[in-house]
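The values are calculated or read from the model by the stated rules, or taken from the named source; none is laboratory data. This one's a predicted model, so the numbers in the text were calculated from it and none came from an experiment. For neighbour counting, all protein chains shown are included, and Cβ atoms are generated from backbone atoms with ideal geometry for every residue, glycine included.
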């Protein structure tokens, strides 16, 4: 439960960036009318993406975007945790290592040599890991990027001292609710919807595209059964490895399934 910081009339909200693209922070700014309500309910104490003003902690709720992928990140997240009564990770980078976690399956030095002219000046950890690998996390909000309505729900829930109401069922449920035919059954299009957590509104299947797994694995996903169906549609082991190694490559369920098919 987030309580008001002593001496402050409104709870303090902080938004922190680690290794990421800023897309999930922008989702908060995209809330428009809802953001005005949030700003009225809390004191936005630290949010460099939106304002240069800084109010010292401790903070009642901290939203953390991005993964830990540098030595500096590993030290700074400890400071953020000490300053935060409630810490919520937002987005695939913070909850599953992000697309940069593809380095975890290879040698990070190979990537730095390929990308940077002077790789000897780059300080990077050999892995990109979720925030929960380093500190205790009170709640994880999935997505690449996150759903802004879910974000407002999470902030409001912690301000009111209750658990956020965020679905853990699969994207297939969202397809059924919007009346979209199953692209995998009706058209033979490979789709990760059966093992991916809801939150996007089944956006890709609504446009005759298979789900890419942006929101990571649903609660207790049957990835083996999904892979069997994808194989029946013609996908081989290298393709199966790649399909699980995208935005949420280092989430446990997707990582283990990708390793099964990694030659």
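Filter segment 136-154 down to the residues that are more than 14 Å from residue 213 (Cα to Cα) and outside any loop (DSSP other than H, G, I, E, B) and list them by number. Within segment 136-154, 139, 140, 141, 148, 149, 150, 151, 152, 153, 154 meet the criteria. Given the criteria surrounded by fewer than 19 Cβ atoms within 10 Å (Cβ to Cβ) and under 19 Å from the mean Cα position of the chain (by Cα), does residue 201 qualify? So residue 201 passes the test.
Here's the yes/no breakdown for (1) assigned by TED's automatic domain parsing to the domain that holds residue 133; (2) in a loop (DSSP other than H, G, I, E, B); (3) touching a helix residue (DSSP H, G or I) at 6+ places or on another chain (Cβ under 8 Å):
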position	(1), (2), (3)
212	no, yes, yes
220	no, yes, no
229	no, no, yes
234	no, yes, no
240	no, no, yes
243	no, no, yes
248	no, yes, yes
256	no, no, yes
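Got at least one residue in segment 237-254 being loosely packed, with under 14 Cβ neighbours inside 10 Å, within 26 Å of residue 146 (Cα to Cα) and under 14 Å from the mean Cα position of the chain (by Cα)? Among the residues of segment 237-254, at least one is loosely packed, with under 14 Cβ neighbours inside 10 Å, within 26 Å of residue 146 (Cα to Cα) and under 14 Å from the mean Cα position of the chain (by Cα), which makes the answer yes. When you scan segment 179-190, do you find a residue that is assigned to a loop (DSSP other than H, G, I, E, B), under 18 Å from residue 249 (Cβ atoms) and either in contact (Cβ under 8 Å) with a residue 40 or more places away in the chain or not assigned by TED's automatic domain parsing to the domain that holds residue 84 (or both), even just one? Checked against the condition, which is being assigned to a loop (DSSP other than H, G, I, E, B), under 18 Å from residue 249 (Cβ atoms) and either in contact (Cβ under 8 Å) with a residue 40 or more places away in the chain or not assigned by TED's automatic domain parsing to the domain that holds residue 84 (or both), segment 179-190 yields at least one hit. Suppose we keep only residues that are modelled with pLDDT under 85 and not in a helix (DSSP H, G or I) within segment 20-34. Which one would you say is surrounded by the most Cβ atoms within 10 Å (Cβ to Cβ)? It comes out as 31. The condition (being touching a helix residue (DSSP H, G or I) at 6+ places or on another chain (Cβ under 8 Å) and over 27 Å from residue 253 (Cβ atoms)) is satisfied by just one residue among 57, 98: 57.
Here's the yes/no breakdown for (1) at pLDDT 95 or above; (2) surrounded by 18 or more Cβ atoms within 10 Å (Cβ to Cβ):
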{"residue": "124", "(1), (2)": "no, yes"}
{"residue": "130", "(1), (2)": "yes, yes"}
{"residue": "137", "(1), (2)": "yes, yes"}
{"residue": "141", "(1), (2)": "yes, yes"}
{"residue": "148", "(1), (2)": "no, yes"}
{"residue": "155", "(1), (2)": "no, yes"}
{"residue": "158", "(1), (2)": "no, yes"}
{"residue": "163", "(1), (2)": "no, no"}
{"residue": "170", "(1), (2)": "yes, yes"}
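For segment 204-227, the set of residues classified as loosely packed, with under 13 Cβ neighbours inside 10 Å and over 24 Å from residue 148 (Cβ atoms) consists of 208, 220, 224, 225, listed by residue number. Is it true that residue 87 is modelled with pLDDT of 90 or more, closer than 17 Å to residue 141 by Cβ and assigned by TED's automatic domain parsing to the domain that holds residue 108? So residue 87 fits the description; yes.
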